[in-house]
Amino acid sequence: MEMESAIMTAGEERAETGQLTETEGMTDLARRARRATVELAVCPASTRDKALWAAAAALRESSQAILEANTQDLSLSSATSEAFLDRLRLTPERVEAMARGLEDMADLQDPVGRVLEEWTRPNGLRIRRVATPVGVIGVIYESRPNVGADAAGLCIKSGNAVLLRGGSESIHTARAIHKAMQAGLRAAGLPEDAVLIAPDADRKHVAEMLSAAGLIDLLIPRGGRSLVERVQREARVPVLAHAEGLCHTYIHAAADHNMARRIVANAKMRRVGICGATETLLVDAAIAPAILPLIVSDLQELGCTFKADNAARKIVPSLPAATEQDFDTEWLDAILNIAVVDGVDEALEHIRQHSSSHTEAIITADEVAATRFMNGTDSAVVMWNASTQFCDGGEFGFGAEIGIATGRFHARGPVGVEQLTTFRYEVIGTGQVRS
């Protein structure tokens, strides 16, 4: 619903859209979301699961409307990158995947109320640490419209309210998805204010969210470097950072060549515009002359282009030369950096210099080398003989994810329902007093 065409009363519009009225700001939305957390935090897990099942059904029922809204967003986009358009584009299969993701979340164990640890003190006091919702979570995202459904579903499951601010590229799609999520809340008798969305992509909404200390408990930015850096720089609210996906795949000397070719093709080209796509291929010097030409040929057939260091270009002279900056670039496109390295230690040193601490992978049949690589990699996710594109909440069994956390505190890697909880301590006595 466009702001200028609003003719309902504030109360009616809230019930219909869960969006801003003409007199409200994002802080008002945050207050509404905070009130909704009171009911979410205490309602039975079965009620939250019912909301997820109903939202999944609503997504399917409104699939055509969602796809039409997405077509409108695509037609208005000025982007020319196919990788960007792929992030924005929805298909019937992708809408169905969103719905299945919500159902998968509903099937997960309730993350709220879990006893994380319990012990008894010498004086008889029983102390336990219990998982509780974070509260109000703000999600600022850009072109990928499925983020709205995933974020809303994960927050409902974990007893949190969520305030969404999508990008201008996907505004119509985001609204259509949001409508389905609120239908799920209504069906379960939960407050629709548990999932709220900004009416447009005005930057002022971001500024309000960044300064909403005391109203928003956690901010999660999902987008490019400039967005994440702005949120980290200006936020007065705790931030769960999702940095760039500068992922590396290293083919060790003991790698099975056929396995390596299959994994690299998937890690780079399955979907080039997602953060789990491999951006840099490291090849051990011991096998580079044998395997690198084959991998280049494989990827060229899939439409990939390259940026290569001097050692790689000596093996495949047709490869374009890479600059140092190329190895620090998240292409999100069909472009692959290639470097030849001399052993595990040199691979790790390259990763330390250029990685964004997202996901790294080694392909090898040597367990000692794999262990050395995995222990030496300071990234949120490290893989052995698997595509980096498995760095995904759904693939981890989380139903979906709200982002990939690359920081050091609270959560790392795919952020699912358990990572959207905090905890409280419960102390149970039998009349003890402190001397």
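Can you name the residue in segment 274-294 that is part of a helix (DSSP H, G or I) and without any contact (Cβ under 8 Å) to a residue 40 or more places away in the chain and is also surrounded by the fewest Cβ atoms within 10 Å (Cβ to Cβ) among such residues?
Ala290
Considered as a group, the residues in segment 98-114 that are small (Gly, Ala, Ser) and crowded, with 16+ Cβ neighbours inside 10 Å include one that is nearest to the chain's Cα centre (by Cα), and that residue is Gly101. Against the numbered list (1) in contact with a Ser or Thr (Cβ under 7 Å, 6 or more places away or on another chain); (2) outside any helix (DSSP H, G or I), Ala180 comes up short only at (2). Among the residues of segment 345-401 satisfying the criterion of being polar (S, T, N, Q) and closer than 16 Å to Ile263 by Cα, which is farthest from the chain's Cα centre (by Cα)? For segment 345-401, the residue satisfying everything is Thr364. Inside segment 352-377, residues that are in contact with a helix residue (DSSP H, G or I) (Cβ under 7 Å, 6 or more places away or on another chain), among the acidic types (Asp, Glu) and outside any strand (DSSP E or B) make up a count of 0. The conditions of being buried (at least 17 other Cβ atoms within 10 Å of the Cβ) and either assigned by TED's automatic domain parsing to the domain that holds Ala97 or among the charged types (D, E, K, R) (or both) are not met by Glu324.
Does any residue of segment 341-349 turn out to be buried (at least 18 other Cβ atoms within 10 Å of the Cβ), among the hydrophobic types (A, V, I, L, M, F, W, C) and within 16 Å of Ala267 (Cα to Cα)?
Within segment 341-349 (the criterion being buried (at least 18 other Cβ atoms within 10 Å of the Cβ), among the hydrophobic types (A, V, I, L, M, F, W, C) and within 16 Å of Ala267 (Cα to Cα)), the answer is no, since none of the residues qualifies.
Collect the residues in segment 378-403 that are assigned to a loop (DSSP other than H, G, I, E, B) and of a type in the set (Ser, Thr, Tyr), keeping them in residue-number order. Passing the criteria: Ser379, Ser387.
Could you please let me know if Leu185 is in contact with an Asp or Glu (Cβ under 7 Å, 6 or more places away or on another chain) and either in a helix (DSSP H, G or I) or hydrophobic (A, V, I, L, M, F, W, C) (or both)? For Leu185, the condition - in contact with an Asp or Glu (Cβ under 7 Å, 6 or more places away or on another chain) and either in a helix (DSSP H, G or I) or hydrophobic (A, V, I, L, M, F, W, C) (or both) - is met. Residues that are surrounded by fewer than 14 Cβ atoms within 10 Å (Cβ to Cβ) and not in a loop (DSSP other than H, G, I, E, B) within segment 295-313 comprise Ser297, Gln300, Glu301, Thr305, Asn310, listed in sequence order. When Ala55 is tested against (1) modelled with pLDDT of 90 or more; (2) surrounded by fewer than 21 Cβ atoms within 10 Å (Cβ to Cβ); (3) under 14 Å from Ala180 (Cα atoms); (4) hydrophobic (A, V, I, L, M, F, W, C), exactly one condition is not met: (2). When segment 232-251 is filtered for residues that are under 16 Å from the mean Cα position of the chain (by Cα), within 23 Å of Leu210 (Cα to Cα) and not in a loop (DSSP other than H, G, I, E, B), only Val239 remains. Of the residues making up segment 15-52, those that are touching a strand residue (DSSP E or B) at 6+ places or on another chain (Cβ under 9 Å), assigned to a helix (DSSP H, G or I) and at pLDDT below 85 number 1.
One line per residue, one yes/no per condition, for (1) in contact (Cβ under 8 Å) with a residue 60 or more places away in the chain; (2) outside the structural domain of Asp193 (by TED's automatic domain parsing); (3) assigned to a loop (DSSP other than H, G, I, E, B):
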{"position": "Ala69", "(1), (2), (3)": "yes, no, no"}
{"position": "Ser75", "(1), (2), (3)": "no, no, no"}
{"position": "Ser78", "(1), (2), (3)": "no, no, yes"}
{"position": "Leu116", "(1), (2), (3)": "yes, no, no"}
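Total residues in segment 315-351 satisfying the condition of being touching a helix residue (DSSP H, G or I) at 6+ places or on another chain (Cβ under 9 Å) and assigned to a helix (DSSP H, G or I): the figure is 9. Among the residues of segment 30-71, those that are out of contact with any Leu (no Cβ under 9 Å at 6 or more places or on another chain) and of a type in the set (Lys, Arg) comprise Arg35, Arg60. Assess whether Gly153 counts as being within 22 Å of Leu59 (Cα to Cα), in contact with a Lys or Arg (Cβ under 9 Å, 6 or more places away or on another chain) and at pLDDT 95 or above. Spelling it out, it is not the case that Gly153 is within 22 Å of Leu59 (Cα to Cα), in contact with a Lys or Arg (Cβ under 9 Å, 6 or more places away or on another chain) and at pLDDT 95 or above. Of the residues Met1, Met8, which single one is modelled with pLDDT under 65, touching a Pro at 6+ places or on another chain (Cβ under 8 Å), closer than 28 Å to Ala207 by Cα and not β-branched (Val, Ile, Thr)? Criteria check complete, one pass: Met1.
Residues that are out of contact with any strand residue (DSSP E or B) (no Cβ under 8 Å at 6 or more places or on another chain) and in the same structural domain as Ala36 (by TED's automatic domain parsing) are absent from segment 215-223 altogether.
For the condition touching a strand residue (DSSP E or B) at 6+ places or on another chain (Cβ under 7 Å), farther than 28 Å from Thr91 by Cβ and not hydrophobic (A, V, I, L, M, F, W, C), His257 does not qualify.
The values are calculated or read from the model by the stated rules, or taken from the named source; none is laboratory data. On a predicted model such as this, the values are computed, not experimentally measured, just so you know. Glycine also receives a Cβ, built like all others from the backbone with ideal geometry; neighbour counts cover every protein chain displayed.
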